[in-house]
1. How far apart are the A:Lys58 label points across copies, placing each 7 Å from Cα toward Cβ, in nm, shortest first?
2. Output wanted: per-residue J couplings in Hz (rounded whole) for the range B:82-99, from phi through Karplus 6.51 cos²θ - 1.76 cosθ + 1.60, θ = phi - 60°, x for Gly and Pro.
3. Taking 25 Å as R0, compute the FRET efficiency from the Cβ-Cβ separation of A:Ala189 and B:Thr122 and round it to 0.05.
4. Using a label point 7 Å beyond Cα on the Cα-Cβ vector, give me the inter-copy distances for A:Arg44 in nanometres, one decimal, shortest first.
5. Quick one: helix A:17-32 against the long Cα principal axis of chain A, what's the angle to the nearest 10°, folded into 0 to 90?
6. So for each of B:190-200, A:80-90, A:63-73 I average, over its residues, the number of other beta carbons within 10 Å; can you give me the resulting order with the highest mean first?
7. What is the mean number of Cβ atoms from other protein chains located within 10 Å of the Cβ atom of each residue in peptide A:116-123, rounded to a whole number?
8. I'd like the interface area for chains B and A: accessible area of each alone minus the complex, both sides summed, 1.4 Å probe, protein heavy atoms only. What is it in Å² to the nearest 100?
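The values are calculated or read from the model by the stated rules, or taken from the named source; none is laboratory data. None of these values were measured; they are calculated from a predicted model. Positions of Cβ are backbone-derived with ideal geometry, glycine not excepted, and every protein chain shown enters the neighbour counts. Ligands, DNA and RNA are excluded from the accessible area calculation, which covers all protein heavy atoms including side chains. Shrake-Rupley method; radii C 1.70, N 1.55, O 1.52, S 1.80 Å.
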Number of protein chains: 2
Amino acid sequence: MRKDGNAQVKPYHHGDLSRALVEAGRRILEAEGPEALSLRAVAREAGVSPAAPYHHFKDKRELLEAVAQQGWTALEVAIRESKAKGKEPRKAIVEVGLAYVLFAQRNPKLYRLMYDLARSRTDMPQAKGGAGAYHQVQCALIDAGEDLAEPFNLQLSTIACWAAGHGLAELAGFKQFDHIKAAMGGEEAFLRGVLEHIQVYGRQLTPAT
Amino acid sequence: MRKDGNAQVKPYHHGDLSRALVEAGRRILEAEGPEALSLRAVAREAGVSPAAPYHHFKDKRELLEAVAQQGWTALEVAIRESKAKGKEPRKAIVEVGLAYVLFAQRNPKLYRLMYDLARSRTDMPQAKGGAGAYHQVQCALIDAGEDLAEPFNLQLSTIACWAAGHGLAELAGFKQFDHIKAAMGGEEAFLRGVLEHIQVYGRQLTPAT
DNA sequence: GGGTTATCTAAACAGCGTCCACATAAGGAC
DNA sequence: GTCCTTATGTGGACGCTGTTTAGATAACCC
């Protein structure tokens with residue numbers, strides 16, 4: 001950001017390339033899709049040579065991880081905010097699930113990137129700025145725990161909760177559900193309806209196996 | 001498959017290339033992972049030039065779809081067989097869910113390919129040799145329908161069922177659950193445990209919203 | 001046998017991730 | 001200020017990819 005006379009001269013050093021690359025990655029992902037998200041395209045968008053990113057990320061992968069990390073953080077924020085909406089703990093669980101799925105619906109490509117990277121790491125990341133999105137779900141369950149029938153296993157329930165939300169997040173985008181959404185008066189109503197039917201498995205169906 | 005004297009001469013025409021390519025694709029996917037699954041590698045494995053597949057598939061994508069289709073068919077078979085195991089309709093639902101998740105656990109890369117393609121088509125495929133895996137789940141729910149509390153929506157329940165199974169299938173591979181699996185005495189016990197906790201959302205938690 | 005059609009090859013194209021040698025500039029020691 | 005070190009950029013190359021084109025080969029049908 002230096003001026004030479006009155007002509008703006010692009011400085012040899014970018015100044016904040018690392019951040020610029022991550023933001024360029026996010027723009028390309030949302031605007032042109034994951035198949036267009038190449039290292040070279042990111043460098044191009046940042047106005048820099050194809051080799052420059054290697055001074056900030058050891059890999060293409062490492063850059064994508066940085067993009068995905070923004071997503072995990074944003075997801076945790078969305079979940080945390082949703083808890084305020086459901087005053088009763090029991091309703092809060094549904095609100096958390098809804099917030100989770102809506103996040104995935106509104107950032108579908110980012111959400112996909114997050115899980116693509118997590119899967120090939122065989123490890124679920126937690127958002128760094130807090131105890132993590134997973135923990136947020138667990139807390140919501142603890143709050144409602146007294147209302148859940150015994151035998152109740154907190155860990156298994158948290159996993160069940162997360163699995164149901166994640167599964168719905170991936171399924172809800174399929175267009176064969178479009179007419180159901182329309183019949184129910186919108187996407188949010190549809191999502192809420194499915195979430196409220198997620199007891200389909202469950203102990204009352206298999207008492208004392 | 002023709003002999004010239006005693007030396008085996010590779011014939012100019014393969015004879016059954018289309019099938020050979022799909023099988024080569026499946027081998028490479030399982031053995032070397034999705035990132036190694038290139039059109040050129042498939043052609044190489046089939047002993048054919050990189051351009052040959054284009055006489056049988058218009059795209060790399062179309063070849064992968066053929067591989068994935070085998071997966072959808074196999075999944076439907078697995079679900080159908082699992083229904084026989086649960087004699088009571090109520091237990092059958094859990095058995096179906098378990099069969100679904102176990103299929104994903106045993107063919108993780110194939111399962112991923114199936115959904116990767118489905119998502120970019122924004123459409124869920126049904127296995128062709130029957131009414132489809134989705135339909136199988138729906139039937140299991142119809143059988144158990146009388147045992148499910150009102151108000152009951154079959155379509156929403158089927159989606160809920162599928163979502164829960166799919167979500168668990170993706171989550172269960174994460175290694176942070178390894179110690180829970182060990183504590184529960186194996187993967188199948190773990191999966192069953194989660195499935196039986198999937199009532200976490202559900203109408204009894206949000207009566208008459 | 002001769003013409004049509006299906007199938008395969010060889011060679012080329014642009015784009016990709018990555019690495020190398022080298023250029024440029026910023027920062028600290030004196 | 002000058003000198004040296006270190007961080008950050010460029011340009012060019014490598015081998016890989018998906019895909020297209022022109023031409024070779026063989027099967028099939030009249």
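1. 4.3
2. Using θ = phi - 60°, the values come out as 5, 5, 5, 6, x, 6, 6, x, 5, 6, 4, 4, 5, 4, 4, x, 5, 4 Hz.
3. On the way: r = 20 Å, r/R0 = 0.82.
After rounding to 0.05, the efficiency reads 0.75.
4. Counterpart label points of A:Arg44 in the remaining copies fall at 2.7 nm.
5. Roughly 60 degrees, rounded to the nearest 10.
6. Values: B:190-200: 25.5, A:80-90: 15.6, A:63-73: 20.2.
Per-residue mean Cβ counts within 10 Å order the peptides as B:190-200, A:63-73, A:80-90.
7. Values: counts 2, 0, 4, 6, 4, 2, 5, 4.
Mean partner-chain Cβ count within 10 Å for A:116-123: 3.
8. On the way: alone 12990 and 13010 Å², together 20310 Å².
So the buried area, both faces added, is about 5700 Å².
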